[in-house]
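Below is one structure; the comments refer to it alone.
The values are calculated or read from the model by the stated rules, or taken from the named source; none is laboratory data. Quick caveat: nothing in here was measured; it's all calculated off a predicted structure. When we count neighbours, we look across all protein chains shown, and the Cβ atoms used for this are built from the backbone with ideal geometry, even at glycine.
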């Protein structure tokens, strides 16, 4: 006779719909706040375009470097724990951004807190993708790819659309200074991240337990070495790295300079939109266009398989770059017409980004170090953002601060991604119906 009580049955994980949308919203919101919204904030506060492009592009480095520390997350705690911890860290660091804005040296100080936010956000990305990939089946990964991508970018739209528009309303209608407007907005983003952390305490699954959990730092160093060696042993890995790096090459230039072009004065070659109008374009009609594009991209990849749809998805991402070429040359004044043109680019971005995500998840990540190798792939994607953001300022200056010449250059930079997508390798095959690995090469 034993006095021991039987172990409680394992807790059934919450349905994917309860945590996938909020998880990817929580990934997109800080990413775009650091990478794009910070640029708009600094422009409002009088920082030059070149300075903004150079310094805010460096904020992408945490996403580039995240493969260096991703193995050190494996031995300690669960993936779900790290997600929630990083969300509370971001709540604190973004709150400090808000408090730094009234200080005379606000630029350097707020950049430092954005750096902390960037490292926390990049760490969250590593483990959040790990939770999704190790909890959802391959079939569910394909089924929810449209929702996953949509919610990530919905977080981006909230940051660059709704919140930017709100700063315009506070400044133009309520008479608040840009400093106070952005203090309020950064404080709101901080509270939102805290809200995500509280929600995920309740519903987020822990993810698959790492085989080296509890084995200490020595196992993490071994894991780091093995993950790097095994990554570069994957079939056609160098070719796949080139495809991932260039897939959003042209988009990287638009992401950094596009919002500034829409805001800049007409005498400087911009369209002279207010924060309110730009936020409305990004946050309402742009949101609808992106959602439709993301779901269409997910549907297309699910029906045709990624291999057969990849080139189409790359075209849908890059051809709409013609919109900024048109806007910078035609210089339309009708806000409705400008919004309609930008919506085309948003639709294409939503549809095309699905292909990028699935290619990294299904072709590069699979293997013994799936979470770390996916972090490698997304680090390469971040390197594209970092490089294009970094050089966009000098390129803009080289073209004599002409937006028309800059976006002509962007069209040329959008050609290699399309060619590479057409010849991209697919060494890992999947069964069309079950989305599971198929035999053969």
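Do the conditions hold for residue 162, that is, is it more than 13 Å from the chain's Cα centre (by Cα), assigned to a helix (DSSP H, G or I), more than 24 Å from residue 188 (Cα to Cα) and modelled with pLDDT of 80 or more? Criteria not met by residue 162. When residues in the range 292-338 are screened for being surrounded by fewer than 20 Cβ atoms within 10 Å (Cβ to Cβ), modelled with pLDDT of 90 or more and either within 13 Å of residue 251 (Cα to Cα) or under 24 Å from the mean Cα position of the chain (by Cα) (or both), 8 of them pass.
When the range 28-51 is examined, which residues are found to be more than 24 Å from residue 154 (Cα to Cα) and outside any loop (DSSP other than H, G, I, E, B)? Give the derivation first.
Here is the first cut: in the range 28-51, the ones more than 24 Å from residue 154 (Cα to Cα) are 45-51.
49, 50, 51, listed by residue number.
Conditions tested, residue by residue: (1) at pLDDT below 85; (2) assigned to a helix (DSSP H, G or I); (3) buried (at least 18 other Cβ atoms within 10 Å of the Cβ); (4) touching a helix residue (DSSP H, G or I) at 6+ places or on another chain (Cβ under 7 Å).
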{"site": "169", "(1), (2), (3), (4)": "no, yes, no, yes"}
{"site": "182", "(1), (2), (3), (4)": "no, yes, yes, yes"}
{"site": "185", "(1), (2), (3), (4)": "no, yes, yes, yes"}
{"site": "192", "(1), (2), (3), (4)": "no, yes, yes, yes"}
{"site": "213", "(1), (2), (3), (4)": "yes, no, no, no"}
{"site": "218", "(1), (2), (3), (4)": "yes, yes, no, no"}
{"site": "221", "(1), (2), (3), (4)": "yes, yes, no, no"}
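Among the residues of the range 37-55, how many are touching a residue at least 12 places away in the same chain (Cβ under 8 Å) and under 17 Å from residue 406 (Cβ atoms)? Let's see the steps before the verdict.
Residues of the range 37-55 touching a residue at least 12 places away in the same chain (Cβ under 8 Å): 37-45, 47, 49-55.
Adding the requirement that they be under 17 Å from residue 406 (Cβ atoms) leaves 39, 43, 49-54.
Total satisfying the criteria: 8.
Surrounded by fewer than 24 Cβ atoms within 10 Å (Cβ to Cβ), part of a helix (DSSP H, G or I) and modelled with pLDDT under 90: which single residue out of 156, 142 fits that description? Break it down into steps so the answer makes sense when it comes.
Values: 156 fails: surrounded by fewer than 24 Cβ atoms within 10 Å (Cβ to Cβ).
None of the others qualify; the one that does is 142.
With surrounded by fewer than 23 Cβ atoms within 10 Å (Cβ to Cβ), more than 30 Å from residue 272 (Cα to Cα) and at pLDDT below 85 as the only criterion, which of 4, 50, 74 stands out?
Result: 4 is the single residue among 4, 50, 74 that is surrounded by fewer than 23 Cβ atoms within 10 Å (Cβ to Cβ), more than 30 Å from residue 272 (Cα to Cα) and at pLDDT below 85.
Checking 387, 420 one by one, the residue that is modelled with pLDDT of 90 or more, under 22 Å from residue 36 (Cα atoms) and surrounded by 13 or more Cβ atoms within 10 Å (Cβ to Cβ) is 387 and no other.
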